[in-house]
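Engineer: This is the structure I have questions about; it appears just below.
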Amino acid sequence: MSENNTTPDHTPTTDATVPMTPVADAPVAAPKRRGRSALVTGGAALGALLLIGGGVAAGSALADDRDDQVDSVSSSQRSDVASTGSTSTAEVSDDTRSDDDVPATASGDFGAASASDLSTIADAAKGVAKGAPTGIDANRDGSWDVSLTAADGAETEVLVRADGTAVVAEAEPAEADDRAPQNVLDAKTLSTMVDAALAERPGRVIDIDADDDNRSPFDVSILTGDRQIVEVTLDASGKVLATELDD
């Protein structure tokens, strides 16, 4: 019969689980290379972090060293101030003071103690230039500035050093309207004026001037024992006309 003669369909069908061609090694090796790259990258990043950390640590160490040095200097300065009671000499140097300032050690070696000392200084000045002394002014280093005025009115400034040597510092020739000085500081006049001024205010003479003022031709500046400067004005006879504290 037809139903019994039906032959089953033996047409082969494709197996769903057909074996796949084995995967090449290259794709397998790729993950290994990625792992190595990751390790290298991670190592580089870690090294960079270590370098940065080391730099920060080194910078911190240097900053600490600088702070320690500043603290050390500051402590040293505070110690110096505490022990001496003053700042460095650079802060109170002579450049910040005028020639009229009284030196910090205004004691026996600044100025002249007597008219005889001033006469010796005047004689030294006259040994190097012509003229009569009309002004004698003490300097802090022990030297003296002496003004000499000649008969024709010419003026010469002489520096007399502390050791007694003298040198001409400046010379000004006479002009047509110049004339001889009316009052000078010769030995007799120095004795009269200095003795009168020191009797009025004891101390040391640091400046004496003679001018052509008929009423008060002589001025003597005295450094007192308490380091004040007093200016004494005298007439031609040596009478004290006024005293004034120099600010």
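Just so it is clear, none of the values below were taken in a lab; they were calculated from the coordinates. Small disclaimer: the values here were computed from a predicted structure and weren't measured. Counting neighbours? That spans all protein chains shown, and the Cβs are built from the backbone with ideal geometry, glycine included.
Engineer: Which of the peptides 186-197, 157-168 is most tightly packed, and how do the rest follow, going by the mean number of other Cβ atoms within 10 Å of each residue?
Structural biologist: Numbers: 186-197: 19.3, 157-168: 15.5.
Final packing ranking: 186-197, 157-168.
Engineer: Quick check on region 115-246: what are the equivalent-ellipsoid semi-axes from the Cα gyration tensor, as sqrt(5λ), descending, whole Å?
Structural biologist: So the three semi-axes of region 115-246 are 24, 18, 12 Å.
Engineer: Stick to the Cα atoms of region 176-231, pair each with every other, and give me the Kirkwood hydrodynamic radius in Å at one decimal.
Structural biologist: Computed over Cα pairs of region 176-231, the Kirkwood hydrodynamic radius comes out at 12.2 Å.
Engineer: Hey, another quick one. Sorting check: for 226-239, 205-218, which peptide has the highest mean count of neighbouring beta carbons within 10 Å, and how do the rest follow? Please report the intermediate quantities before stating the final value.
Structural biologist: Working: 226-239: 16.0, 205-218: 18.1.
Order by mean packing, descending: 205-218, 226-239.
Engineer: Right, another one. If you average the sequence gap of Cα pairs under 8 Å that are 6 or more apart and divide by the length of region 115-246, what percent do you get for the contact order?
Structural biologist: That works out to 18 percent.
Engineer: Only Cα pairs under 8 Å and at least 6 apart count here; give the relative contact order of region 106-171 as a rounded whole percent.
Structural biologist: 27
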